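For reference, the structure is listed below as structure tokens.
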Amino acid sequence: MPDLDTSAVSPEPLTEHGARRRTALTCMAWAGAGMLWTLNGGVPGSKLIGGTAQAAEVDRHAFSFVQISDSHIGFSKDPNLDPTSTLQEAVDKIRTNKEKPKFIIHTGDISHLSKPDQFDTATQIIQSTGLDVHYVPGEHDVLVDDGNSYFERFSKPSVPKWYSFDQSGVHFIGLTNVLDLRGGGLGFLGDEQLAWLQQDLHARTSSTPIVVFAHIPLWSLYPQWGWGTDDSARALTLMKRFGSVTVLNGHVHQVAQKVEGEISFYSALSTAFPQPAPGTAAGPGPMKVPADQLRKMLGVRSVKYVPGKAQLAVVDTRLSV
Amino acid sequence: MTMPDLGRALVARTMAAMCFAMALAAAPAFAADTKPATTIVIDNFSFSPAQLSVAAGSTVTWENHDDMPHTIVNDATPREFKSAPLDSGEHFSQTFSKPGTYKYFCSIHPHMTGTIVVK
């Protein structure tokens, strides 16, 4: 993966606070470029990364983590007959990265059909990095048995179907929005999970940076294709008091970004196959792209956090350029 | 009548005829004494036809033509029917013996919905 200080694609630096910056970020919604922003005690500042001395300053509490998504092991159709090899390539990118990430998050659709051998293949490849991996399920992982085969494998017995953990002052929350889906509806969190979330956030100060990850977007990306979560507004309301909230999702197999108040949303690439941009095809199924284009549309994401004059950088790296 | 007027009248008459023909074509699906179409195709994340009327005792078959798995789940409590995940090319059949309106959806992609009316 590229070194963040040198290779991150950064927009023109803006020197004014507030509206201008937000407008710029909102306009970038479909830019697909790596994007950075600053955090000062959890409150977003005005500087984007610019290769300055500040940017080069290394804080010993800084860390990065990696997001991979939608590996769909078991899929074997146009445009990717072998998602195992593209997942392996994605993992190789993580392994050969100059900066060792603290952990990996996988935002779901690990398997294509919830089959034990598909889970086995995926976890063997991903865990070859030797890094901790935090999984949340996609709908393809909970196709049978109310998802119990997934949870038995990926959840710790002591934690329910959603969880949180802390890393160097950042609070991470893994949510499940692919269970108990309602006819005519979208992704779904449910009362029990929302009550847990309220409790979990209650104990945090508003200056704590929050990173939330789930499979289906927690924003209305394209409800006509099911790309949203019915009760996500209730979750986001609970996060409004926080100065910095980053929401990472999979499901849509493409980079998409949105800023809403202090909450920034990022959809990730798949490691298996791309899906069309909203409304550009008859449906949201796999895009049948030529073999020489496939790896340009798959990738992994690195997220870096630096406390203090911090930069939380989101950089998407494609399997080939 | 000028030429454009004549043209317009022709178009109008043709369209009226087409509408009539379509109405005729659609009619058998709602007539109890005619054997209705009983196959529903899943394509591009939608059920086609999304609304289907059948006579009591009919068997309806769903065929998945998508590259992604789908399910057919009755949207009712208790559920009258629920399929296993259908991968590409797989199908699921359900026989409807009791008249009624049966809403269903794909539990993987719940924005996909359909209705079977059994007469």
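Less than 14 Å Cβ to Cβ from A:Asp180, Lys/Arg counted +1 and Asp/Glu -1: what total charge do the surrounding residues give? Let's see the in-between values first.
Working: positive: A:Lys161, A:Arg182, B:Arg79, B:Lys82; negative: A:Glu139, A:Asp145, A:Asp146, A:Asp191, A:Glu192, A:Asp230, A:Asp231, B:Asp75.
Around A:Asp180, the charge tally is -4.
Kindly identify the range A:236-308 as rounded, prolate or oblate by the Cα gyration tensor criterion: order the square roots of the eigenvalues as a ≥ b ≥ c, call it rounded if a/c is under 1.5, otherwise compare a/b with b/c, prolate if a/b is larger, else oblate. Mind showing how you got there, number by number?
Values: a/c = 3.83, a/b = 1.85, b/c = 2.07.
Oblate, since a/c reaches 1.5 and b/c is not below a/b.
Under 13 Å from the Cβ of A:Thr246, count the other residues' Cβ atoms, weight Lys and Arg +1, Asp and Glu -1, and hand me the total.
+1
Report the relative contact order of the range B:31-118, percent, no decimals, based on alpha-carbon pairs under 8 angstrom and at least 6 residues apart.
Answer for the range B:31-118 is 31 percent.
Can you give the extra length, in nm with one decimal, that the chain gains between A:Asp145 and A:Tyr222 once fully stretched, where that is 0.36 nm per residue apart less the Cα-Cα distance?
Contour length minus the Cα-Cα distance gives 24.9 nm.
Modelled label-to-label distance, A:Ala277 and A:Ser128, 7 Å Cα→beta-carbon offset: nm?
3.5
Distance in nm between label sites at A:Asp117 and A:Arg182, each 7 Å beyond Cα in the beta-carbon direction?
Here the answer is 3.9 nm between the modelled labels.
Run the numbers on the range A:121-174 and let me know its relative contact order in percent, using alpha-carbon pairs under 8 Å that are six or more apart.
RCO, the range A:121-174: 24 percent.
Considering only Cα-Cα distances, which of the following residue pairs are longer than 26 Å: A:Lys102/A:Lys156; A:Lys98/A:Lys156; A:Lys100/A:Lys288; A:Lys93/A:Lys304?
Violating the 26 Å limit, Cα to Cα: A:Lys98/A:Lys156; A:Lys100/A:Lys288.
Scattering from the C-alpha atoms of the range B:31-118 alone, worked out with Debye: what is log10 I(q)/I(0) at q = 0.11, 0.15, 0.23, 0.26 1/Å?
Each listed q maps to, in turn, -0.26, -0.49, -1.14, -1.42.
Among A:His134, A:Leu81, A:Ala122, flag the residue with its Cα farthest along the positive direction of the charge dipole of the range A:64-135, charges on Cβ as +1 for Lys/Arg and -1 for Asp/Glu.
A:His134
Using the basic label-point model (7 angstrom from Cα toward the beta carbon), what is the A:Ser206 to A:Glu152 distance in nanometres?
4.6
Through the Karplus equation 6.51 cos²θ - 1.76 cosθ + 1.60, θ set to phi - 60°, convert the phi angles of the range A:284-289 into ³J(HN,Hα) values in whole Hz; use x for Gly and Pro.
The phi angles translate into x, x, x, 7, 8, 9 Hz.
What number, in percent, do you get for the relative contact order of the range A:236-289 if the mean sequence gap of Cα pairs under 8 Å and at least 6 apart is divided by its residue count?
Relative contact order for the range A:236-289 comes out at 28 percent.
Arrange A:Ser158, A:Ser69 by Cβ neighbour counts within 10 Å, fewest through most, would you?
A:Ser158, A:Ser69
Less than 15 Å Cβ to Cβ from A:Pro116, Lys/Arg counted +1 and Asp/Glu -1: what total charge do the surrounding residues give?
Value of the local net charge: -3.
Spelling out what I want: for every residue of the range B:97-107, take phi, set θ = phi - 60°, compute 6.51 cos²θ - 1.76 cosθ + 1.60 (Karplus), and round to whole Hz; glycine and proline get x.
Residue by residue, the range B:97-107 yields 8, 9, x, x, 10, 10, 8, 8, 8, 8, 6 Hz.
The numbers here are math on the coordinates, done by the rules we state, and not lab data. Given the structure is predicted, the values throughout are model-derived calculations rather than measurements. Glycine also receives a Cβ, built like all others from the backbone with ideal geometry; neighbour counts cover every protein chain displayed.
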